[in-house]
Structure formats: structure tokens, C-alpha cells
Amino acid sequence: MSMITPDHYKLYGFLMSPYSMKMRAYLRYRRIPFQWVTGEAANNVAMTKVEPYMVPVLGYPDGSYVNDSSHLIADLEARYRDRSTTPESEADAFLALLIEDYADEWLVAPFFLYRWESEADQTHNAQWIIYEYFRGNIGHDQFDTMAEMWRKRQTSLLSAVSGKPASYDMVKASLHELLATMENAIRKRPFFFGSRPSSAEFAIFGMLSQLVQDLSANRFMRDQHPFTSRWVGVIDDISDFEGTWEPLCDQPEHLMNSPVYELLKLSGRYHLPMLLANQRASQNQEKVYCFEVAGVPHERRVLPRFLPCLPALQQHYNALSDSTKATLNPALEDAGCLQFLNVKP
Ligand SMILES: N[C@@H](CCC(=O)N[C@@H](CS)C(=O)NCC(=O)O)C(=O)O
């Protein structure tokens, strides 16, 4: 029996980081041996080994360090074939990628808002981050100072990540739409494309893994979405799951009646318009961008980190075969996604 040795992967991350949890659950499912490293050590690696400063970071057996969960997943999908999270069908694989991007780039807005809006959440959540940072040493002489520093830092990022107070209700409502879809879906089956997970489930899991821990969000998660809350606990480690892909796009009604179609509508309403508005503002050298959801203006600071997302999705869409496009287009169009994707990047 071999134990985890220094030549295995190391995942540097935090329980309080959605992308770290996404990556950890992914590696566990793939049965890729790795060591989890958290606390100050993880933060030091993120500060010194990668650009920009972000967790999670994956330490490769060859001594290199890489961040960005989607990029890491794409790389590991190419390196190892067993238990891949890329659906076999080209159409389903594209949908999984689009939903993964929606979860990573849009759901961070409501999650961050719930985490940092109220004073009670700020205090509770900052303490939990620092508890992890100091590896449980609550008596550390810097504990309170660091918790306060982190509280102030994160709260000051609220409008950059979640927008202005005028759109808070809309941002929160967008999360409750997702949660309602997930609760309905999970009451039927745990996965979207058969009896095995795609990267889309791991990305949604990453964000929801935060809501079940945070003070205010935990209440509505448990009260209103009990099976979604339990699903989060399960997905954290599904290294024992074995399943098969079941093509979703074999018949148009199949896709249109699935939770994936509901998720596409959320991408078309929130995620893709946000990526486009961010891209346009950046091209016009503006610092903020604005787009409307059902008449509610949503204003955010331009984030360079979102810029590669839309061209990457457009490139994937354009590379699909004509028959796959013909299969997907009616659903993408009805869900309000096609106009953003059917563009040469
Ligand atoms: N796209 C990246 C996002 C990672 C990310 O935003 N990580 C957060 C923590 S969850 C972070 O480290 N932010 C840096 C900061 O707060 O300055 C991924 O998928 O890994």
C-alpha cells in the first residue's frame, strides 16, 4: 500500500474558498492522489508561487504551481482519462462547460453578498477564515487583528464582486432561482448528464459548499433546500461513485425538460450578459459596466479576470460540429444564450 508521498499533487486551499472546495471534490472523485494543505502555508504558496494571488493552487509532482480551477480541471482531464468529468457527447460536454463557467463567474456574486453583507455574517465568517488560517489556534495573539483585517478587506470588495445595493435583491433572487432548480433536480437524481458528475456539478458544489457554512445562508439552505444542503455534503467526497453518461441532447424534449435547461436560462439571464458587458466596458476603457436584468441596472467594476471567459466559450461553441450546433441551438436560443455564443471571438 502506498501512502501520499512528496511526488504527489498538493492542493493549497481553504474550506472557506468555493474554488478550493470545487477542486478538492474534483480530485477526490477522480481518485488523483493529493495532499490537502491549508492555513498560512496555503496562503504563502498563493502569494509567492502564482500570479495573480488566488487559491486554490495545485502543486504538481514536477514542482510547478498552477492556479485557476477551470484551467486545472481542463489540464487534469487531458492528463488522465479514467473517471473523466467531461461528458462523452460533444453537446453535453459544451453544456457542462457553460454551466461550470456560470457557477464560477456568476454565483460568486450572490455568495459573496450573503457572506459579507450583514455585520453578523462579517464577524462570524471572518473568524472562521482566520480559525482555518491559524490552524485552530484561537489563542494566537494576532487572531482578532487578522479577523478584523480580513473582515474589512472583504467587505471593501463587496461592490466589485456583487455590485451596488440597488441590485442586491436581484443578485440574491438569482441565487434562489438556482437553489429552486437544484432542489427539484436533486430530488430526482444527483447529476445532470447521467449517473456520474461533470465539472458543472463540481462548480455548483463549490459555491454551495460556502452557503451551507455561512451564518445567514446556512439558515435558508437548511430550511428551504434540505436535499441540496445534503447533496453538498455528499459531493464533497464521491470517490466511491461509479456511474455512466446518459446523453441529454439525444432528443430536444429531453434537454428542454431537464434541469440543465433551467441552468442555461440562468446563464442567459445573468452570466452571459455580465461577461459581455464586462468585455465591452473593457474595450471602451471604462472602469465600470452596467447591464439590466428585468429592468434592474446591475453595475460592477470591470474585472480583467472575466475577460477570457466569453471568448473561450465562443471558441468552444464555434468548434462544435454542425450537427451538434443544430441539436443545441433551439435550447440555447430559447434560454437566451445563443446570441452571446454564436459570435466569432
Ligand atoms: N477563477 C479562479 C478563482 C479563484 C478565486 O477567486 N479564489 C479566491 C478565493 S475563493 C481568491 O483567492 N481571491 C484572491 C483575493 O481575495 O485577493 C478559480 O477558478 O480558481
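Quick one: is Val50 within 9 Å of the ligand (Cβ to nearest atom) and in a loop (DSSP other than H, G, I, E, B)? When the stated conditions are applied, Val50 does not pass them. Pairs are defined by a Cβ separation below 7 Å, a sequence spacing of at least 6 or placement on different chains, a first member in the range 300-327 that is closer than 18 Å to Pro345 by Cα, and a second member that is open to solvent by 70 Å² or more (accessible area, probe 1.4 Å) and at pLDDT 95 or above; the pairs so defined are Leu320/Glu90; Ser321/Glu90. For the range 294-304, the count of residues that are acidic (Asp, Glu), out of contact with any Pro (no Cβ under 9 Å at 6 or more places or on another chain) and more than 19 Å from Leu248 (Cβ to Cβ) is nonzero. When restricted to residues that are under 21 Å from the mean Cα position of the chain (by Cα), at pLDDT 95 or above and away from the ligand (no atom under 13 Å from the Cβ), the range 128-161 contains 1. Scanning the range 181-197 for residues that are open to solvent by 50 Å² or more (accessible area, probe 1.4 Å) and assigned to a helix (DSSP H, G or I) returns a single hit, Asn184. Please work out if Val293 is modelled with pLDDT under 90 and open to solvent by less than 40 Å² (accessible area, probe 1.4 Å). Answer is yes for this residue.
Residue selection: Tyr19 satisfies the criterion of being within 13 Å of the ligand (Cβ to nearest atom), in contact with a Ser or Thr (Cβ under 6 Å, 6 or more places away or on another chain) and under 20 Å from Ile130 (Cβ atoms).
Kindly provide the set of residues from the range 78-101 that are closer than 16 Å to Pro273 by Cα and away from the ligand (no atom under 13 Å from the Cβ), ordered by number. Correct list: Leu98, Ile99.
Which ones in the range 38-67 are open to solvent by 20 Å² or more (accessible area, probe 1.4 Å), among the hydrophobic types (A, V, I, L, M, F, W, C) and within 20 Å of the chain's Cα centre (by Cα)? Of everything in the range 38-67, those that are open to solvent by 20 Å² or more (accessible area, probe 1.4 Å), among the hydrophobic types (A, V, I, L, M, F, W, C) and within 20 Å of the chain's Cα centre (by Cα) turn out to be Met54, Val55, Val66. Here Gly63 fits the description: without any contact (Cβ under 8 Å) to a residue 12 or more places away in the chain, more than 14 Å from the ligand (Cβ to nearest atom) and under 22 Å from Met3 (Cα atoms).
Which one of these does Asp68 not meet: (1) away from the ligand (no atom under 13 Å from the Cβ); (2) of a type in the set (D, E, K, R); (3) at positive phi? All conditions are met except number (1).
The values are calculated or read from the model by the stated rules, or taken from the named source; none is laboratory data. All values derive from a computational prediction rather than experimental measurement. Glycine gets a Cβ as well: all are built from the backbone with ideal geometry, and neighbour counts include every protein chain shown. In case anyone asks, the SASA skips ligands and DNA or RNA and just uses the protein heavy atoms, side chains included. Shrake-Rupley method; radii C 1.70, N 1.55, O 1.52, S 1.80 Å.
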